[in-house]
Every structure is written in C-alpha cells, then in structure tokens.
Amino acid sequence: MKITFGLLQVTLPHSYSRNGLIYYQRAVPKDLQDRYPYKLIKINLETDNIVSAEKRIRKLNEKFEAEWSAMRADPHSSPKALKVHAEALLREFGLSPAPAANDDLAVSQFYDRLDAKREAYAGDDELLYRENPAEEYLSPVEIKAAQLLAGRSKETLSDALSNERAFPAGSTGAIHARGHGKFS
C-alpha cells in the first residue's frame, strides 16, 4: 500500500486499505501451500493509523517468517505442530501453558535454559545480550513455548481451523481475520 503525504510517499508492504481501515495481506509461500488450507492470509488490523499498522505488520511478518522457517526445517511440520512441539517442550520441564499454576523451580529451570542460549549467542558482548531478538538464538519451538508459558500466545489460525471455526462453505481460499494481532 502506498500513501502520499504531500511530497512524501510511504510504502507499507503486505497491506492494503479498505473502507478506511488497513489490512495485512500476505501469500503463503508456494513451497508451504500444501500444508495450509488457504493460499492468502488477510487480517483486519482495525486501524487507519499508519504507524500502528506498521508495527502490527512487522510483528505479523516476524511471526509468519518464524513459523515458515520451522515448517521448512521439518517437512512434517504444520502451524499446529509448532504449538504441539512447544507444549511437549514445556512438559519436559513439568510445565503447562498459562494460566496453569507452575512450580517456580521448574519455571526457573526453563528460563535458565533459554538464557544460557542467549549468553552463548552474545558471548561477552553486553549490548548484543540485551538487544538481540530471540529469533537469533532460540528455535521457533522454544519461542512458542516461552509465549505459552507467559500467556502471551494468542489463538492461531490452525487452532481456529481445528476447532472448525474456519471459513464458510464456498470460501475463496483466503483467511479473513478480525482482531488485534489475532494470529500473532
């Protein structure tokens, strides 16, 4: 989507505007389309604010890129499999996704494992330790497990599909979602 402000033109990738609202739209990569029930992701960002939309689009892109990377690494993986693997990782530590009451020692051991990977990645570089994105040193499964443990993982598209709340009969093969980062 291109927006012009006088002489300044701003391009907001993977987006379009309809009825004054900005939508996220991105094609599922061709090499992964056989593992998805649709070819196009469309999410109503429920905003007309470019700055807000840009932040949401960036987060959605990061989320989908991590998901696709994990799926490419494992030919048997799917969006739902990422959550299943993350829950299995939590169980290895005797943990359950939030809002479950977990043993503080088990939680600490889980985060110690993640922090050890962060330290190994950053080495002696304090700035790198504080400011590097988790995607640089954690696997998508570890990131998803941390999100589940913290209660920050929202319902995913595959959850909706598995619960048969997906698209109506005669759908065009695109997913339309409402909500603030519903799939983030």
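For first residues located in the range 37-66 and farther than 18 Å from Ala27 by Cα, partners that are among the polar types (S, T, N, Q) and open to solvent by 40 Å² or more (accessible area, probe 1.4 Å) and lie 6+ apart or on another chain with Cβ distances below 9 Å form the pairs Asp48/Ser17.
Among the residues of the range 122-134, those that are loosely packed, with under 15 Cβ neighbours inside 10 Å and either within 22 Å of the chain's Cα centre (by Cα) or modelled with pLDDT under 80 (or both) comprise Arg130, Glu131, Asn132, Pro133. Considering the range 9-18, the residues that are modelled with pLDDT of 90 or more and either open to solvent by 60 Å² or more (accessible area, probe 1.4 Å) or of a type in the set (Asp, Glu) (or both) include one that is nearest to Arg72 (Cα to Cα), namely His14.
The set of residues from the range 95-128 being out of contact with any Gly (no Cβ under 7 Å at 6 or more places or on another chain), part of a helix (DSSP H, G or I) and among the small types (Gly, Ala, Ser) comprises Ser108, Ala116, Ala120, Ala122.
Set side by side, the residues Glu92, Glu46, Glu67, Glu54 differ, and just one is touching a Ser or Thr at 6+ places or on another chain (Cβ under 9 Å) and open to solvent by 30 Å² or more (accessible area, probe 1.4 Å), which is Glu54.
Determine the pairs where a residue that is of a type outside the set (Asp, Glu), located within the range 115-130, has a partner that is loosely packed, with under 14 Cβ neighbours inside 10 Å with Cβ atoms under 7 Å apart, the partner being 6 or more residues away or on another chain. Qualifying pairs under 7 Å: Tyr121/Glu136; Tyr129/Glu119.
Only one entry in Asp48, Asp74 is farther than 26 Å from Pro97 by Cβ and of a type in the set (D, E, K, R), namely Asp48.
Picking from residues in the range 1-43 that are in a strand (DSSP E or B) and among the polar types (S, T, N, Q), the one that is nearest to Ser69 (Cα to Cα) is Gln25.
A search for C-beta distances below 7 Å between a residue of the range 2-16 that is of a type in the set (Ser, Thr, Tyr) and any residue that is loosely packed, with under 11 Cβ neighbours inside 10 Å and not in a strand (DSSP E or B), counting only pairs 6+ apart in sequence or on different chains, returns nothing. Among residues of the range 19-34 that are open to solvent by 40 Å² or more (accessible area, probe 1.4 Å) and among the small types (Gly, Ala, Ser), those with a beta-carbon under 8 Å from a residue that is part of a strand (DSSP E or B) and modelled with pLDDT under 95 at least six positions away or on a different chain give the pairs Ala27/Leu40; Ala27/Ile41.
The values are calculated or read from the model by the stated rules, or taken from the named source; none is laboratory data. It should be emphasised that the depicted structure is a prediction, and the values quoted were computed from it without experimental measurement. Here the Cβ is made from the backbone with ideal geometry for all residues, glycine too, and neighbour counts use every protein chain on show. The accessibility values were calculated without ligands, DNA or RNA, using every heavy atom of the protein model including side chains. Shrake-Rupley method; radii C 1.70, N 1.55, O 1.52, S 1.80 Å.
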